[in-house]
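A quick write-up on the structure given underneath.
The values are calculated or read from the model by the stated rules, or taken from the named source; none is laboratory data. What you see is a predicted model, and the numbers here were worked out from it, not measured in a lab. Here Cβ is always computed from backbone atoms with ideal geometry, including for glycine, and neighbour counts include all displayed protein chains. Only protein heavy atoms, including side chains, enter the accessible area calculation; ligands, DNA and RNA are left aside. Shrake-Rupley method; radii C 1.70, N 1.55, O 1.52, S 1.80 Å.
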Amino acid sequence: MKISLNWLKDWLPLELDARELSGRLTSLGFEVSSLEKRGPAFRGVVAAKILEVSKHPNADRLRLCLVDDGTSRLTVVCGAANVAAGQLVPLARVGATLPGGRTLSAAKIRGVESQGMLCSAAELGLSGDHSGILQLPPTPLGGELAETLGPADEVLDVEVTPNRPDCLSHRGLARELAAFLKLPLKQAPASTPPAPAGQCPQVSIEAAKACPLYCARLISGVTVGPSPAWLAAKLEAVGLRPINNVVDVTNYVLLDLGQPLHAFDAARLAGPGLRVRFARAGESLAALDGKPYALSAEILVIADSARPVAIAGVMGGLETGVTEKTTSVILESACFAPPDIRRASRRLRLRSDSSYRFERGVDPEAVLEASERAAALIARLGGKGSSVSAPGIAGAPPPAAKPIQASAERINGLLGSSFPEPQIEACLRGLGRLHPEGPGRWLLAPRSYRRDLESAADLAEEVARLAGYDSIPSQAAPVPPRAAKATPYESLARRCRSRLSAAGLLEACNYDFVCEKTLRLCGLSSAEAPRLANPVSDEWTLLRPSLLPGLLQNAAGNLKHGAAAVKLFELGAQYARRGQAIEERRHLAGLLLGPLRERCWKPELAPDLGFHDAKGLAQDLLSGLPALKWTPLRQASGATAADPLFHPAAALRLELPEGALGTVGLLHPTISRAWGLERQPVALLDLDLERLLVSSWPQARFAPYSQFPASWRDLSLLADKTLPYAELEAAARGDAQTLRRLDLVDVYAGKGLPAGKRGLTLRLTFGRMDRTLTDAEVDSEIARALERLKAAGAELRR
């Protein structure tokens, strides 16, 4: 929120400069993100009136303007398209100093001498508007514009936390600073409207929970026109563009008191009054931003007798907005329930300064105060014939917050401080009505705008802020901290991160949201992905059904930026529809692409990563997991969300007795081409961590090693190409008690072998803990292994 230092001084006798004030606000918990200096940084610029405009004799895009500066008539060459006779504009006379220290001198422009310069707001440093010459409100001719616009100002951009909507105004922050700096808070200027005249508007509330209080006033005889200079300057200082005197008053009161208001053109309303209700089926509204909005039954609206005329707390309707032809205005001030305004704003994707405040909650006691002040200002600025009716009021303010019991002992105990009772009492008095209940004990009734105060802990936080966090001593905690015990998922995630990082993979962190285009490129159906009711953007409308699309996006992006290899993994949630419910499951996904080593003097030492590398990662992660079965994807029963991403002939399904654990394999060629990754094989890994968590995973235990030498034998086998290696390994192992290790040494398929056959060389290592095995014992074990291998379909290669 932008705060004007000059505006803030209307409420406080501040003597701090902007930087000092920024430090004080930060101490109070309101971070200042930026400081901006505004206001006149020029001299010699006066108000002048354009008497006539004619074409430049030597240039089609230039004009000659005859202007009156109050003392003389001057000819000025101007290139702006918006100049017209009768306008009041800023004139920089010859010798004037403009922002940046530039001094204006007389000059001939295409053969015609220009006796000054007509200025835009940007050229004067008042705003970034370069669109045309700045048009001034009624201002005496020849008057120094720097004096007319008022003193220079500094604007602070203050970050207000969501729990402090009472500080989304100049008065709100002034209250905080008054308590912190111990300064008197000025009272709001007298704002008594003229004696009530005319019939007050009829208002009714049909949704009492969504709108506890609604107030409307009829202001007649209004002349809509430009705002006076003081009002326009205040709004421009905080980044708002002046529109007209009626709309500008509502914006001014919003920024001054924090209460949103809206003005309707009374002549464009149908029926005798306004109703607060929920929208009906088929209703729609063209809002002030010019866009039509379809309304649903959960959107609160303000309606006349015929149709909705405003989206309650969000934005008014275009048809009933105030225009130059408006002569009577109905001024709205209300208190809406934050959840209903937040729901409507998000459902319609429509945000405004009003909805920003209503979503967080406004002060119900400011509803009538703001209405009265705005009505008085509109009547004063709208002409002598303006009259204001009595307010039409429906509903009542919400009940006051419950009183809070507090004590000096409790507050000091929560803060670890030793503040004296008088200091604590002084801090609490600014928060509401304080009733003593004994020595060092109080009952506090919070003020209507402090709905965030609910417990003694909240009061302790306020005491700490107002007394200063630096005044609380820094002491070691009396109880030594203890590390929390890791949950089963945290332990599993730590194991996965450790193993994959050691293998050279980097962890990716992607959002849980995807768009339909991403799923389409991955061959996944967006119909099965849960759709967000209030997406943060049009690009993120769905919850991801798999982690792999995010990794494919990462890989494509890395390759575009010159990466030779991509080795990534991610742990996160993926989502699926289960009837009316949404299922969330935690998965692990991995992606391997490119050479094993990015820089190597010998290319054959750095082959491309592929299927076996991904399978090796899975084997390393799942080592020791019993009953794990590897099945070709085409033969696997059931399907997973990520199956369309895998090449059906180059992927394996990992299965446990409880169900599918995951898939490892190569990326489908069609999807590879869609992502521009077809030049190299892309290996993928997808594991269901929820399945792993419920699996019986034996705890690893240390086993002593033998001090005696081992014996090994190599077996060259001949087997069908279709015979899975896992069956061969199981047969070779059998129940041999002395087999310590089994390794696949070589695989050969080609010339010299029967058709459909392949050769495999297994190395079997034997040993005992208590002695060295004899050759006869090893030969006996080999003979039994060969018998088991023969039964499995393999024979010794001769």
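Structural remarks
- Each of T223 and K209 was given a label point 7 Å from its Cα along the Cα-to-Cβ line. The distance between the two points is 5.0 nm.
- Fully extended contour minus Cα-Cα distance, from K721 to L181, at 0.36 nm per residue: 185.9 nm
- Placing a label point 7 Å from the Cα of A755 along the Cα-to-Cβ direction, the residues of region 698-727 whose backbone N falls under 18 Å of that point are 719-723.
- The phi torsions of region 67-74, fed into the Karplus equation with coefficients 6.51, -1.76 and 1.60 and a -60° offset, translate into couplings of 10, 10, 9, x, 10, 7, 10, 10 Hz, rounded to whole numbers, with Gly and Pro shown as x.
- For region 43-150, the gyration tensor built on C-alpha atoms gives a rounded shape. Its axis ratio a/c (a ≥ b ≥ c) stays under 1.5.
- Rounded to the nearest 10 Å², the accessible area of F180 at probe 1.4 Å: 40 Å²
- Computed label-point distance, nm, for sites Y489 and E113 using a 7 Å Cα→Cβ extension: 8.2 nm
- Accessible surface computed residue by residue for the chain, with neighbouring protein chains in place and a 1.4 Å probe, gives 50 Å² per residue.
- Here's the picture: charge each Lys and Arg Cβ at +1 and each Asp and Glu Cβ at -1 in region 711-796, and of T765, V778, P724 the one pushed furthest to the positive end of that dipole is P724.
- When the surface is traced with a 1.4 Å probe over the full set of protein chains, H56 keeps roughly 10 Å² accessible.
- Restraint check, K9/K384; K37/K291; K49/K291; K567/K629; K615/K757; K291/K325, Cα-Cα greater than 28 Å: K9/K384; K37/K291; K49/K291
- Charge dipole magnitude, Cβ of K and R +1, D and E -1 - the chain, Cα centre, debye nearest 20: 1340 debye
- Of interest is the spacing of the C-alpha centroids, which for region 1-46 and region 218-272 amounts to 24 Å.
- For the chain, calculated [θ]222 nm from helices alone, where every DSSP H run of n ≥ 4 adds -39500 (n - 2.57): -7500 deg cm²/dmol
- Where labels lie 7 Å past Cα in the beta-carbon direction, separation of A703 and Y748 in nm: 3.2 nm
- Extension reserve of the A445-L739 stretch, reckoned as 0.36 nm per residue once the Cα distance is removed: 97.9 nm
- Legend: calculated FRET efficiency, A533 to T161, from the Cβ-Cβ distance at R0 = 25 Å, rounded to 0.05, equals 0.45.
- Full-extension gain in nm, K384 to A791, via 0.36 nm per residue minus C-alpha separation: 135.5 nm
- Measuring r between the beta carbons of S696 and W540 and using R0 = 56 Å, the FRET efficiency lands at 0.90.
- Phi angles of region 157-162 translate, via the Karplus equation with coefficients 6.51, -1.76, 1.60 and θ = phi - 60°, into HN-Hα couplings of 9, 9, 8, 9, 5, x Hz per residue; Gly and Pro are given as x.
- Rounded FRET efficiency, nearest 0.05, which uses the C-beta distance separating A400 from S305 and R0 of 56 Å: 0.95
- Using all pairs of distinct alpha-carbon atoms, the Kirkwood hydrodynamic radius of region 680-780 works out to 17.1 angstrom.
- The lysines within cross-link reach of K209, meaning a Cα-to-Cα straight distance under 27 Å and a gap of 8 or more places when in the same chain, are K402.
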